[in-house]
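The values are calculated or read from the model by the stated rules, or taken from the named source; none is laboratory data. Please read all numbers here as calculations on a predicted model, not as lab measurements. Because the Cβ atoms are built from the backbone with ideal geometry, glycine has one as well, and the counts that use them run over all protein chains shown. Accessible surface is based on the protein model in full, side chains and every heavy atom, while ligands, DNA and RNA are left aside. Shrake-Rupley method; radii C 1.70, N 1.55, O 1.52, S 1.80 Å.
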Amino acid sequence: MSNSNAELKVGGIVLCGGASSRMNYPKALLPLGQEVMLQRVVRIIGSCVSPLAVMASPDQQLPTLPADVPVYFDREPLEGPLAAIGQGLEALHGKCEAVFISGCDTPLIETAMIECLCSRLGNNQLAMVREGDRLHPLAAIYRVSLLETIQQLLSQGKRRPIDLVAQVDSVFLETTELQEIDPGLRSLRNINTRAQYQALLNELEITDSTVLPFSD
Ligand SMILES: Nc1nc2c(ncn2[C@@H]2O[C@H](COP(=O)(O)OP(=O)(O)OP(=O)(O)O)[C@@H](O)[C@H]2O)c(=O)[nH]1
């Protein structure tokens, strides 16, 4: 990876659990041409960081993934992203020093953003995309050493990534800066609703309507 932290070993975690309530269909399984959404995001992120792991809900149905991408299942269902991040850092402990964390619902993610976050990390524990007051905890590099702090927060019932940011040395990549390498902020575009999914299919020129997994 080309970054000023060239010696830093960076892995990746893709979160694909949760309720998918706005989509009312598992986002991880949404078809995108020859792939489904989780496969696409794993392929893109896996092209620039290693090792990569997937964090899923217990009993979640998953597509075929590369043999070198293990799946870990949330200990408790629907505990939210911070708990899944903690469990993912635990799984990759000893295998890398820092981890790029993503959801599975950003299919237009670009590796340039990941490289930029790596360059930004420096001696900090966390490098996260920020848009004004809004943090993007699923577009961020976390040092594996944050595991202990995350476990402490969770044991205190604190589940918001903002609680973590407030406690640790953090650095931010502002979206105004990200726009220099990703003008449309495609890397941050979440697909949460059926309308967003349909717009994505149009944008990717995936026109075969038979791929739609729902009819409305
Ligand atoms: N493993 C795991 N992943 C999660 C969890 N909650 C959310 N995610 C993932 O985190 C990303 C962002 O999730 P959200 O869009 O905020 O929530 P969601 O449950 O997917 O969708 P909504 O129910 O519509 O809010 C998605 O890729 C989810 O798959 C969780 O508890 N465990």
Practice task
Considering every residue within region 34-44, establish whether at least one is within 12 Å of the ligand (Cβ to nearest atom), open to solvent by 20 Å² or more (accessible area, probe 1.4 Å) and at pLDDT 95 or above.
Solution key: no
Handout entry: Extreme residue, nearest to F172 (Cα to Cα), among residues of region 101-123 that are open to solvent by 30 Å² or more (accessible area, probe 1.4 Å) and in a loop (DSSP other than H, G, I, E, B)
Key = N123
Practice task
Identify, by number, the condition in (1) within 17 Å of the chain's Cα centre (by Cα); (2) surrounded by 18 or more Cβ atoms within 10 Å (Cβ to Cβ) that R186 doesn't meet.
Solution key: (2)
Exercise for the section: Give just the number: which of (1) open to solvent by 20 Å² or more (accessible area, probe 1.4 Å); (2) in contact with a Pro (Cβ under 9 Å, 6 or more places away or on another chain); (3) more than 10 Å from the ligand (Cβ to nearest atom); (4) more than 23 Å from L108 (Cα to Cα) does E7 not satisfy? Expected result: (2)
Handout entry: Scope region 60-88; condition without any contact (Cβ under 8 Å) to a residue 24 or more places away in the chain and of a type in the set (V, I, T); matching residues
Key = V71
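Assess whether S57 counts as being open to solvent by less than 50 Å² (accessible area, probe 1.4 Å), within 8 Å of the ligand (Cβ to nearest atom) and free of Cβ contacts under 8 Å to residues at least 40 places away in the same chain.
In short, no.
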Completion exercise
All-but-one check, S2 against (1) assigned to a loop (DSSP other than H, G, I, E, B); (2) away from the ligand (no atom under 13 Å from the Cβ); (3) closer than 21 Å to A139 by Cβ; (4) modelled with pLDDT of 95 or more, failing number (4)
Completion exercise
Reported set for region 42-92 where residues are under 17 Å from C118 (Cβ atoms) and either aromatic (F, W, Y) or assigned to a helix (DSSP H, G or I) (or both) is I44, I45, G46, L89, L92
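If only one of E76, E90 is more than 22 Å from L178 (Cβ to Cβ), at pLDDT below 95 and either within 16 Å of the ligand (Cβ to nearest atom) or in contact with an Asp or Glu (Cβ under 6 Å, 6 or more places away or on another chain) (or both), which one is it?
Values: E90 fails: at pLDDT below 95.
Being more than 22 Å from L178 (Cβ to Cβ), at pLDDT below 95 and either within 16 Å of the ligand (Cβ to nearest atom) or in contact with an Asp or Glu (Cβ under 6 Å, 6 or more places away or on another chain) (or both) holds for just one of E76, E90, which is E76.
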Problem - Among residues of region 189-206, those that are more than 16 Å from the ligand (Cβ to nearest atom) and open to solvent by less than 20 Å² (accessible area, probe 1.4 Å), counted - result: 1
Handout entry: Within region 145-163, considering residues that are in a helix (DSSP H, G or I) and of a type in the set (D, E, K, R), the one most open to solvent (accessible area, probe 1.4 Å)
Key = E148
